[in-house]
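The structure appears right after this line, and notes come after that.
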Amino acid sequence: MVEPMNKVKVAVVGAGAAGISASIEAARAGAKVVLIDENERPGGQLFKQIHKFFGSEAHRAGIRGIQIGTDLLEQAKEAGVQIRLNTVVYGLFAEKCLGLMCGDHTEELQADVIILATGASENTLAFPGWTLPGVMGAGAAQTLINIHRTLPGDRVLMVGAGNVGLIVSYQLLQAGAEVVASVEGLPYIGGYGVHASKIRRAGVPILLSHTVLRAEGHESVERAVISQVDKNWVPLQGTEKTLEIDTLCLAVGLSPLAELAWMAGCQFIHISPMGGWIPVHDENMQTTLPGIYVAGDLTGIEEASTAMEEGRLAGLAAAEALGCLSFEEGAMKKAEVRERLETLRIGSFGKGRSLAKKQILESRGTV
Amino acid sequence: MRVGDHPILGKVEWGKKVTMIVDGHPVEALEGEPIATALLAAGRRVFRYTTKLNEPRGVFCALGRCTDCVMVVDGQPNVRTCVTPVRDGMVIETQVGLGQWCYSKKADKKDG
Amino acid sequence: MKTQGEEEGIRTTGIPSEEELEASPGYPKAEALRKGPIVVIECVQDIPCNPCEAACPKGAIKVGDPITSLPIFDAEKCNACGTCIPICPGQAIFRVDMTYSEDKASVSFPYEFLPLPKKGDIVQGVNRAGEVVCDATVLRVQQPKGFDHTAVITLSVPKHLAMKVRSLKRRKASIKE
């Protein structure tokens, strides 16, 4: 049964780091905010990040992701954000109309401003045996151990030595599993060296220029065959090694979950290092469609800290667009956020992302 | 395997124990946890078999997007076990192929 | 950062090389190590990060602006209190006391695994590559609430291994049910 259309000032889709942060800023400025999430609990990936964050004090450095998530939800509650859980936003239609589904019930919600903070999904790698039970995303393993307190297996092969692969390897050790090896196709470790150091110290070998050839097992993973690769990622004959494992985690990148922005007709740009197709946005996080904003990993794969800042920026911009924030106050607050964002996008790990973000801003109207 | 104690997350306050019936056998679970984790904790990793090649499948994304973990739950097929909470007495069956859709009285009453 | 063909170092092994360590302003010089207990910061990459700076009650660590700068360690100011050890999100800070005894040094490191050892336990000291290099006695296990679940463990190790031992070999945890 379709109910009559409900209206709201600000609808935020996705209650992760970016979405909660956006909701807080918009609500504090006086806008009425509805924060929608398909999961039964809010927080996105935050409550799986049991490690201490980097950055500066303003970025809650030294504080665990789980605590930051708890604090953000507390702030959202205090600011009067209305949170709707177990609710899928299945469509973004004309005139900023969202299609919502909760259980068997559907409804439409029209918003003056929409902020999409839908995050990203894990990429996968196809190889013989990849469909065997026991092969899963690294994020999947993280969800199982840190949220559901259940180990997917005892002996894990981690594919990918970016931050996700390194961090989840460490967390699997903390949960009591053995990480037999981490394999990475590149000839260097893409993630933070300190994350790699933690697992090396714990006895986990990191095999660079290696890939997984196949997973084997009768009904589920029992072993994997890895091999060295050359600089073109072609497996080198005679370098195969068999590892006895029961779990194979894939940490091979993330891609923005951009379906809602696609269907609404937002302009996109393809930037591989940022995860693929990115909805183009301006310095206020507004897409090429007025009134539709984006924030977080949806706008390019980065980190929780950048997601929170982008969320804040979008929330402030939304509040300003609704007249809840004066031009001067909005400009001042946004400048603070942009300055903090800049400090996260420098150095060897950040400058590529900074360039990508500039590329996104410059592409408006040209792509 | 359950992670009862953890260096960061501490000891778990396990919730209420319930029983689900999995392929005819009683399996202990915790009320409200995803069906998938109860099965994993019970040592069960194969949740279904594919239609054409009869290949085993199980948990892949663990957050409700990939549908690799679907099983027949209380008679309904294609239920994502990684995001569906366990209730006492739930009947879980290994799904073969797409399963058999069955109409319930509740479905008959709906419009459209 | 170097690209392909670079020498073995943190980017190619996950372990900082001797050169990278010695080039880092956080790594103490040999003279400082000889004087008594001192903190050893093994931070060699330009990650935006600075909680060590604020944590030090003696102002012995300076990161400044930009926050990707490697921490500059002032051995003169350091009293080896070790407050910085549990706060570093990269677990890259340690404490070494070369003067612990005639033939032993003490090494303190952050540790986030179960089971935690107890004072007096004999454990296996491992180097940065996780290789067992010696037996070690647990001198101290600190895990106050303020450390937020990061324990700081102090081991006594043969003196010549003071700059090698960086953790203990994990033991089988009985944390599963």
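Odds and ends about this structure:
- So C:D103, is it surrounded by fewer than 19 Cβ atoms within 10 Å (Cβ to Cβ), closer than 27 Å to B:M1 by Cα and acidic (D, E): no
- Output for segment B:71-89, where each listed residue is under 19 Å from B:K17 (Cβ atoms) and in contact with a Phe, Trp or Tyr (Cβ under 9 Å, 6 or more places away or on another chain): B:T81
- The criterion of at least 1 residues that are in contact (Cβ under 8 Å) with a residue 60 or more places away in the chain and more than 8 Å from chain A (Cβ to nearest Cβ) is met, among strands (runs of 3 or more DSSP E) falling completely within segment B:58-101, by B:91-93.
- Any hit, segment A:289-296, residues being of a type in the set (A, V, I, L, M) and closer than 30 Å to C:C43 by Cβ: no
- Residue in segment C:82-89 that is of a type in the set (V, I, T), at the interface with chain A (Cβ under 10 Å from one of its Cβ atoms), crowded, with 19+ Cβ neighbours inside 10 Å and touching a Cys at 6+ places or on another chain (Cβ under 9 Å) present: yes
- Among the conditions (1) in a loop (DSSP other than H, G, I, E, B); (2) more than 8 Å from chain B (Cβ to nearest Cβ); (3) in contact with a helix residue (DSSP H, G or I) (Cβ under 8 Å, 6 or more places away or on another chain), the only one that A:P152 does not satisfy is (2).
- Pairing residues of segment A:196-217 that are more than 13 Å from A:G165 (Cβ to Cβ) with residues that are in a loop (DSSP other than H, G, I, E, B) and of a type in the set (D, E, K, R), at Cβ distances under 7 Å and at least 6 apart in sequence or on separate chains, gives A:S197/C:R128; A:R200/C:R128; A:R201/C:R128; A:R201/C:R166; A:A202/C:R170; A:L213/A:E240; A:E216/A:E222.
- Within segment A:199-243, the set of residues being away from chain C (no Cβ under 14 Å), farther than 28 Å from B:D68 by Cβ and not aliphatic (A, V, I, L, M) comprises A:Q228, A:Q237, A:G238, A:T239.
- Residues that are touching a Ser or Thr at 6+ places or on another chain (Cβ under 9 Å), within 21 Å of B:H6 (Cα to Cα) and surrounded by fewer than 24 Cβ atoms within 10 Å (Cβ to Cβ) within segment A:47-67 comprise A:F47, A:K48, A:F53, listed in sequence order.
- Among residues of segment C:125-170, those that are in a loop (DSSP other than H, G, I, E, B) and without any contact (Cβ under 8 Å) to a residue 60 or more places away in the chain, counted: 10
- Residue selected from segment C:45-58 under the condition within 7 Å of another protein chain (Cβ to nearest Cβ) and of a type in the set (A, V, I, L, M, F, W, C), by the criterion farthest from A:G352 (Cα to Cα): C:A54
- Single residue of segment A:146-198 satisfying the filter (hydroxyl-bearing (S, T, Y) and touching a Lys or Arg at 6+ places or on another chain (Cβ under 8 Å)) that is nearest to C:R170 (Cα to Cα): A:Y170
Matching residues to (1) modelled with pLDDT of 95 or more; (2) farther than 17 Å from C:C78 by Cβ:
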position	(1), (2)
C:T3	no, yes
C:G9	yes, yes
C:I15	yes, yes
C:C43	yes, no
C:D46	yes, yes
C:C49	yes, yes
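- The residues of segment A:90-118 that are surrounded by 22 or more Cβ atoms within 10 Å (Cβ to Cβ) and either facing another protein chain (nearest Cβ under 8 Å) or assigned to a loop (DSSP other than H, G, I, E, B) (or both), listed by number, are A:A117, A:T118.
- Filter result for A:L355 (more than 12 Å from chain C (Cβ to nearest Cβ) and either assigned to a helix (DSSP H, G or I) or among the charged types (D, E, K, R) (or both)): yes
- Number of the exception - B:E55 against (1) closer than 21 Å to A:N123 by Cα; (2) facing another protein chain (nearest Cβ under 9 Å): (1)
- Residue check for A:Q45: under 20 Å from the mean Cα position of the chain (by Cα) and not β-branched (V, I, T): yes
- Any hit, segment A:193-201, residues being out of contact with any helix residue (DSSP H, G or I) (no Cβ under 6 Å at 6 or more places or on another chain), modelled with pLDDT of 95 or more and part of a loop (DSSP other than H, G, I, E, B): no
- Within the set A:V225, A:V212, the sole residue that is among the β-branched types (V, I, T), part of a strand (DSSP E or B) and surrounded by fewer than 19 Cβ atoms within 10 Å (Cβ to Cβ) turns out to be A:V225.
- Pairs meeting the criteria (first residue in segment A:45-57 and without any contact (Cβ under 8 Å) to a residue 40 or more places away in the chain and at the interface with chain C (Cβ under 7 Å from one of its Cβ atoms), second residue surrounded by fewer than 21 Cβ atoms within 10 Å (Cβ to Cβ) and not basic (K, R), beta carbons under 7 Å, at least 6 apart or on different chains) are A:K52/A:I63; A:E57/C:A54.
The values are calculated or read from the model by the stated rules, or taken from the named source; none is laboratory data. As the structure is a prediction and not an experimental result, all values here were calculated from the model. Note that we place each Cβ from the backbone using ideal geometry, even for glycine, and neighbour counts take in every protein chain shown.
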